[in-house]
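**Q** Here it is, the structure, as structure tokens.
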């Protein structure tokens, strides 16, 4: 998809954009595929697939160290992607954008390189009850290593952060706050600007897990004001195994490398090693070059459509899905925050979510079932698991109607 002219103010034709995604043009169990599992991993448009294929077919070589033509092409593609991704989130400099394998590795990098050297026994790290496991376990590990304490801010029965209680927990022992921007299990959009302001008033650094936010809303890290922002490529129509950590340059300068090896060094001797400049100080070993190329192409694709237009369209889908699924007898939505992204988690009377997923799959409908790597959320709502329908720019109201019809059919099976 090529960018629309700046003078073109007409809304994108989202039904036409569906044709950009070749995987969607197939049948599952004799029915057209309705892919409603985008919070787990979004599909790739042809533009991303072609960019990766072109790199692999024509430009593949190791980056940075070669003087031959292919290495120079690979380096230009890799670093060009970094530049476009940094611009997409309004980073001040490419020095602030470290490529990682995804959000999980980015959070672990901050836990081990930023938090661990600074933590003392009885210090605290504050997270929330709605976090993905990837924003819980790394902090548990670093607390075990340092004697620090992990503190959890509560949520309410609608799946919203209890902001007053969160603020009350921002005591003098808190050394870092780790918070999800958008919950993968509930769809809740946290008031990150307000949260960051509260933390800044107390000089507490903030890491935001942006895995679910990046495909759904415009992210401006400077406007948000956080210290770290982590995200994954595969959530935002890019490849798996690639993501990034954005961090303030002063933090990255002060942080020691998390992993050692090639690429992250300038000089190596047996008595000492001199580390590379930012951001390469944190990118040990041969990187996922084709993944970065694909993520750069995904950013180009999203930019051409416009994040505001995507957010508007997905808000329409969320509203339609909420109203439609609420009419299904025996269905209860888990997570009803005032501000939500385009996903609906739900349970049905006397039907296990895994059975729901199996039954709707017979109608060609892909939803996610389970705890969604958010077991504390499931425990809070008193359910073992939920079914989750999550929407992307290529979904439409017809697919939501098909899901509702399949769910009614599931009730008949278990009647």
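**Q** Would you tally the residues in segment 345-402 being without any contact (Cβ under 8 Å) to a residue 24 or more places away in the chain and either part of a strand (DSSP E or B) or crowded, with 18+ Cβ neighbours inside 10 Å (or both)?
**A** Final tally of qualifying residues: 2.
**Q** Tell me which helices (runs of 4 or more DSSP H) are completely within segment 16-127 and hold 3 or more residues being in contact with a strand residue (DSSP E or B) (Cβ under 9 Å, 6 or more places away or on another chain), or say none if there are none. Walk me through how you get there before you give the answer.
**A** Numbers: elements: 46-54, 69-88, 103-109.
Filter on segment 16-127 gives 69-88, 103-109.
**Q** Let me ask another. Considering 193, 167, which residue is under 22 Å from the mean Cα position of the chain (by Cα), part of a helix (DSSP H, G or I) and either farther than 17 Å from residue 99 by Cα or modelled with pLDDT of 95 or more (or both)? Explain how you work it out, then say what you get.
**A** On the way: 167 fails: under 22 Å from the mean Cα position of the chain (by Cα).
Testing whether each residue is under 22 Å from the mean Cα position of the chain (by Cα), part of a helix (DSSP H, G or I) and either farther than 17 Å from residue 99 by Cα or modelled with pLDDT of 95 or more (or both) leaves just 193.
**Q** Shifting gears a bit: Could you name every one of the strands (runs of 3 or more DSSP E) located completely within segment 224-308 that has at least 2 residues being without any contact (Cβ under 8 Å) to a residue 24 or more places away in the chain and surrounded by fewer than 19 Cβ atoms within 10 Å (Cβ to Cβ)? Steps first, please.
**A** Details: elements: 228-232, 243-247, 265-268, 273-275.
It comes to 265-268, 273-275.
**Q** Which one is farthest from residue 341 (Cα to Cα), of the residues in segment 207-223 that are more than 8 Å from the chain's Cα centre (by Cα) and part of a loop (DSSP other than H, G, I, E, B)?
**A** Quick first cut of segment 207-223, residues more than 8 Å from the chain's Cα centre (by Cα) only: 207-208, 216-223.
If we keep only those that are part of a loop (DSSP other than H, G, I, E, B) too, we end up with 216-220.
Working: 216: 7, 217: 9, 218: 12, 219: 14, 220: 17 Å.
The qualifying residue farthest from residue 341 (Cα to Cα) is 220.
The values are calculated or read from the model by the stated rules, or taken from the named source; none is laboratory data. These numbers were taken from a predicted model, which means no experiment stands behind them. Glycine gets a Cβ as well: all are built from the backbone with ideal geometry, and neighbour counts include every protein chain shown.
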